[in-house]
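Student: Dropping the structure in here first, questions after.
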Amino acid sequence: MPEFLSGIFQNLIADVLFLILSAAAIWLISQRIKWRTVAALFRSLRNGVSNIYFDRSEYISKRSKTVEQFIASATRHFEYVGIYFSVATDQSRVDDTIKSLIKKACRVRLVLLDEQSSDETFRYLEQAFALAPESLKQRVNHARDHFIALRNELAPGERHLLELRVHKFPLMDSAFMIDLGEPKGALLIDHKWYGAGREKSFGLEFIGPERKGTLFETVSKSFGKISELAEPI
């Protein structure tokens, strides 16, 4: 009988130890995951990342500023580099925001896809953005004509502040750049996943000075290079 009770007791002790060790292992794993998450957060902050948007709807639900307000926050320079500068809002409000920036002597540069880009480029981007065949060139032409007309509406002494350029790169990303190089500069990247459509785009926002060696600096220089290579119109 004592041996029987001793065996039961030993089994209970073993079960309890197993539960304790299992709980400890689960706790350690969870803590490791938490610390990895915290470490990733600090690395992101060191690289200038201020926010991440996992689809286009979060641009509205998770951002404190509308597209117009973000653009209007520029004091010296606003630049867009992308395909045809389409925003999910009333285009007239964006146009009015650009005009108000120019009234404040803030420079605006829009870098769009060249309508003379190759047919392969247009086909690739249409497939990548999940657009109907032959539809992208219409959008590109419309954007080019629209912003040329907007520039012509400005007073002659203001037109140099709205600079239009075109490139021929099959970009999957677009960039909205606010006062880069300034202490409160900002950069919003909108990335399209191939074939997923615009609503599944991924956003990355940077705010602050561009510190040397950071992702903020790398991305800024990359889009800056595209802008430099683009041809003025």
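Student: Kindly evaluate Phe206 against the criterion of being in the same structural domain as Ser92 (by TED's automatic domain parsing), assigned to a strand (DSSP E or B), over 21 Å from Ser117 (Cα atoms) and in contact with a strand residue (DSSP E or B) (Cβ under 6 Å, 6 or more places away or on another chain).
Tutor: Criteria met by Phe206.
Student: Go through (1) more than 15 Å from His77 (Cα to Cα); (2) touching a Phe, Trp or Tyr at 6+ places or on another chain (Cβ under 9 Å) one by one and return the number of the condition Lys212 breaks.
Tutor: (2)
Student: So is Val108 farther than 27 Å from Tyr194 by Cβ and either of a type outside the set (Lys, Arg) or buried (at least 16 other Cβ atoms within 10 Å of the Cβ) (or both) or not?
Tutor: When the stated conditions are applied, Val108 passes them.
Student: When only residues in segment 216-233 that are surrounded by 15 or more Cβ atoms within 10 Å (Cβ to Cβ) and of a type in the set (Gly, Ala, Ser) count, which is farthest from Gly48 (Cα to Cα)?
Tutor: Of everything passing the filter in segment 216-233, Ala230 is farthest from Gly48 (Cα to Cα).
Student: Here are some residues: Gly213, Gly157. Which one is at positive phi, assigned to a loop (DSSP other than H, G, I, E, B) and loosely packed, with under 14 Cβ neighbours inside 10 Å?
Tutor: Selected residue: Gly213, the only one of Gly213, Gly157 that is at positive phi, assigned to a loop (DSSP other than H, G, I, E, B) and loosely packed, with under 14 Cβ neighbours inside 10 Å.
The values are calculated or read from the model by the stated rules, or taken from the named source; none is laboratory data. Treat the numbers as computed from the prediction; the structure is a model and nothing was measured. Heads up, the Cβs are rebuilt from the backbone with ideal geometry, glycines too, and the neighbour counts pull from every protein chain shown.
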